[in-house]
Amino acid sequence: MILSPKYQLIQKLARDFAEKEIPESMQEEIDQTGKYPESLYRKITDNGFFGIKIPKEYGGQGGDNLAYVLFVEQISRVSMVTSIYISGANSLGSGPLLNAATPEQLEKYLRPVAEGKKFPAFALTEPGAGSDAAGLQSSAVRDGDYYVLNGRKTFITGAPIADFAIIYAKTDFSKGAKGISAFIVDMDTPGISLGRNEKKMGIIGMPTSDIILEDVRVHKDSLLGEEGMGFINAMKTLDVGRLGVAATALGVAQACLEEAIDFAKNRKQFGQRIADFQAISFMIAQMATQIQACRELLYNSAVLKDTNAKDAGMHCSMAKLFVTETACRIAHDALQIHGGYGYIKDYRIERLYRDIRVNTLFEGTSQVQQIVISKELLKK
Amino acid sequence: MKIIVCAKQVPDTNEVKIDPVKGTLIRDGVPSILNPDDANALEAALTMKDSYPGTTVSVISMGPPQASIMLYECLAMGADQAYLLSSPAFGGADTCATSTTIAAGIRKLGGFDIIFAGRQAIDGDTAQVGPQVAQRLGIPVVTYVSKVRELGDGYIIVERQLEDGYEVIKVKTPCMLTAVKELNEPRYMNVGRIIDACEKKESVTVWNENDIGLRPESCGLKASPTQVLRSFTPAPKGKGEMLTGTVTEMSSALVQKLREKHVL
Ligand SMILES: Cc1cc2nc3c(=O)[nH]c(=O)nc-3n(C[C@H](O)[C@H](O)[C@H](O)COP(=O)(O)OP(=O)(O)OC[C@H]3O[C@@H](n4cnc5c(N)ncnc54)[C@H](O)[C@@H]3O)c2cc1C
Ligand SMILES: Cc1cc2nc3c(=O)[nH]c(=O)nc-3n(C[C@H](O)[C@H](O)[C@H](O)COP(=O)(O)OP(=O)(O)OC[C@H]3O[C@@H](n4cnc5c(N)ncnc54)[C@H](O)[C@@H]3O)c2cc1C
């Protein structure tokens, strides 16, 4: 896609920032210690990156989906975990608010997210309800002006650092998905506790944990949107969120390609650069071509979403499915080109390979994307 | 306060190579960027704007229409206005013609307190344009500014970088200051401002020779006495090696190295 100056500059900004502020040594340290540097977090805040996609009237930058995917791709090319911080605020955290919040709720929660003063969590998944999100069992029972929440949310990105969470719970168990409602819950509300910080394969530095709800009393002002509209709210959020996940995967895939090229040009076996073996050079040609195809699919889906095209949602799912699956394959090949060195932590590809993997899993597995796409195509 | 910044769009020399045979720049496919020293010049102006409310920062550039993306970048960093001096008549300018044109543009802009330029453009590399513009406007110039110490009423005190130290110079405003990279760390663009700059058609004002009151024969190639006969990259010098340790250790290491190379 030929990008206009606006998008070229957004891309350049993200690339310059990532390359300058997140050097490889820092990436390694985050991966080894699990600690995300406060100074880096502050720079993200100061530059307004938590609000790229949040409208200007709520303190954000007012970017569209194309701007956002370009930005995330460039950040992720350097540091995938950083892109998870950025998408946590821009996408999963603010999507539910933009879909349904009252003006008061937007002021109280969305503006601080855009300004980097509050970090949000999006809590849908439960131990027994992953792909089958509508099967969730958390409950919200009305008691006068309050709701009382009980249940357990699992694998929640950023829960240990979040100031508030969007919690999806059932206000009416007889109605299935239509009985789900969304709540904005401050994380310091009595009755909330956290599970252990999960030991993950990748994106180390962004904590993930369960959120346990035990008789959590929240005022009815915390209801987000109408009762029973929670599931639609979550699906609308994930619908766009998928673009962000695809962009994240694409950025890492690009990094994998760059590592593979660099390694292949320098490694010598049988008296020549391994890049000069056709088997290796063709693998690289294949990877680069696939990345370009992913890029076009993703950018096009973002534009469809920005222009409210009728089947934009399906295209977002296609982008997530194709880009994340292809990206994982590219990481696999890039590691293969590294030989045994790729299996050693001193080489960047080892971390990229671990980081990239989660993209086919969260915000709807590849199989769930196939469900979304096929339902759209085969609907009666 | 009114501040003007001179900014040039240049090929990214990190990615540019000189054709060793023809001696010309290989510009094909090389991305264009804001000249690095000019980013420092702009940052200096924006820092002043941050501390003196009511300050306006205008960026001026001479270049082809594509240079407007570089001006959008300056606006996205925080500049208030951007002016592009662009016309076929300006093509092929040497530093003499470039500074005539830029000075005419600045006159058209009206009054100013400080003009910042970069020390040097990474493609032309002459470091002449800043001082020449100052000369044409009849204002004092301090080159190689590495620090602003004090901004007072009608004067400014700056540090001027030398190879082995610095000079402290107090200069009357209005004046021209040329920035080196040690002056500051340029800020990033802002996504919201990128969007504003690019979506408003009128955010970059384009002027040709008529707009700035120059006759076509006073600009561009026709007004350029300089002719570049040849430009070349000097063959890189071999890397020096620093020896460390005590004097005895260093001298024996030195003798050993010289022996290895059969000098001794
Ligand atoms: C690092 C990380 C961060 C996360 N962050 C969040 C978060 O912030 N908020 C949040 O709410 N959730 C989050 N999740 C949860 C994530 O969205 C779920 O893990 C995901 O939706 C899959 O659910 P599951 O793990 O229960 O797998 P399951 O749903 O049990 O799936 C297991 C396998 O079965 C397949 N499968 C399931 N149903 C079908 C079907 N109908 N047809 C075909 N195949 C099927 C799946 O594709 C998968 O391959 C996170 C997960 C991880 C790993
Ligand atoms: C390889 C090469 C060699 C050249 N050699 C010569 C030469 O020997 N003599 C000669 O007269 N010309 C020469 N030129 C032409 C020269 O580059 C142009 O005249 C150019 O317009 C200004 O000179 P500079 O790039 O050296 O800028 P410099 O004088 O190095 O730039 C200093 C500062 O002036 C400002 N500035 C410079 N150009 C502009 C502009 N167009 N718009 C706004 N601000 C600007 C910027 O703030 C910049 O940081 C050469 C060009 C090239 C590409």
I need every pair where a residue in region B:135-163 that is at positive phi has its Cβ under 8 Å from the Cβ of a residue that is in a strand (DSSP E or B) and open to solvent by less than 60 Å² (accessible area, probe 1.4 Å), sequence separation at least 6 or different chains. B:Y144/B:R160; B:Y144/B:Q161; B:Y144/B:T178
Criterion first (touching a Ser or Thr at 6+ places or on another chain (Cβ under 7 Å), surrounded by fewer than 20 Cβ atoms within 10 Å (Cβ to Cβ) and of a type outside the set (F, W, Y)) does A:Q269 satisfy it? no
Taking region A:16-34 and keeping residues within 11 Å of chain B (Cβ to nearest Cβ) and open to solvent by 80 Å² or more (accessible area, probe 1.4 Å) leaves A:K20
Every residue in region A:35-59 that is surrounded by 15 or more Cβ atoms within 10 Å (Cβ to Cβ) and either away from every other protein chain (no Cβ under 13 Å) or touching a His at 6+ places or on another chain (Cβ under 9 Å) (or both), please. A:Y36, A:P37, A:L40, A:Y41
Failed item, numbered, when A:A169 is tested on (1) aliphatic (A, V, I, L, M); (2) more than 30 Å from A:I330 (Cα to Cα); (3) in contact with a helix residue (DSSP H, G or I) (Cβ under 6 Å, 6 or more places away or on another chain): (3)
Any residue in region A:235-256 that is open to solvent by 40 Å² or more (accessible area, probe 1.4 Å), in the same structural domain as A:D346 (by TED's automatic domain parsing) and farther than 30 Å from A:I184 by Cβ? no
For region B:216-237, give me each residue that is outside any helix (DSSP H, G or I) and either touching a Lys or Arg at 6+ places or on another chain (Cβ under 8 Å) or open to solvent by 70 Å² or more (accessible area, probe 1.4 Å) (or both). B:P225, B:T226, B:Q227, B:V228, B:L229, B:R230, B:F232, B:T233, B:P234, B:A235, B:P236, B:K237
Can you name the number of the only condition in (1) within 26 Å of A:E376 (Cα to Cα); (2) buried (at least 20 other Cβ atoms within 10 Å of the Cβ) that A:M287 fails? (1)
For region B:176-191, which residues satisfy the criterion of being surrounded by fewer than 20 Cβ atoms within 10 Å (Cβ to Cβ) and not in a loop (DSSP other than H, G, I, E, B)? B:K181, B:E182
Selection from region B:192-209 of residues that are assigned to a helix (DSSP H, G or I), more than 10 Å from chain A (Cβ to nearest Cβ) and under 22 Å from B:I102 (Cβ atoms): B:E202, B:S203
Which listed residue, of A:E115, A:E126, is within 16 Å of ligand 1 (Cβ to nearest atom) and of a type in the set (D, E): A:E126
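Filter region A:332-347 for residues that are assigned to a helix (DSSP H, G or I) and of a type outside the set (A, V, I, L, M, F, W, C); which is most open to solvent (accessible area, probe 1.4 Å)? First the steps, then the outcome.
In the first step, residues of region A:332-347 are kept if they are assigned to a helix (DSSP H, G or I); the result is A:332-337, A:339-343.
If we keep only those that are of a type outside the set (A, V, I, L, M, F, W, C) as well, we get A:332-333, A:336, A:339-343.
Details: A:H332: 76, A:D333: 23, A:Q336: 118, A:G339: 39, A:G340: 55, A:Y341: 93, A:G342: 0, A:Y343: 184 Å².
By that ranking, first place goes to A:Y343.
The values are calculated or read from the model by the stated rules, or taken from the named source; none is laboratory data. It should be emphasised that the depicted structure is a prediction, and the values quoted were computed from it without experimental measurement. Note that we place each Cβ from the backbone using ideal geometry, even for glycine, and neighbour counts take in every protein chain shown. Quick note on the areas: whole protein, heavy atoms, side chains included, nothing else; ligands and nucleic acids left out. Shrake-Rupley method; radii C 1.70, N 1.55, O 1.52, S 1.80 Å.
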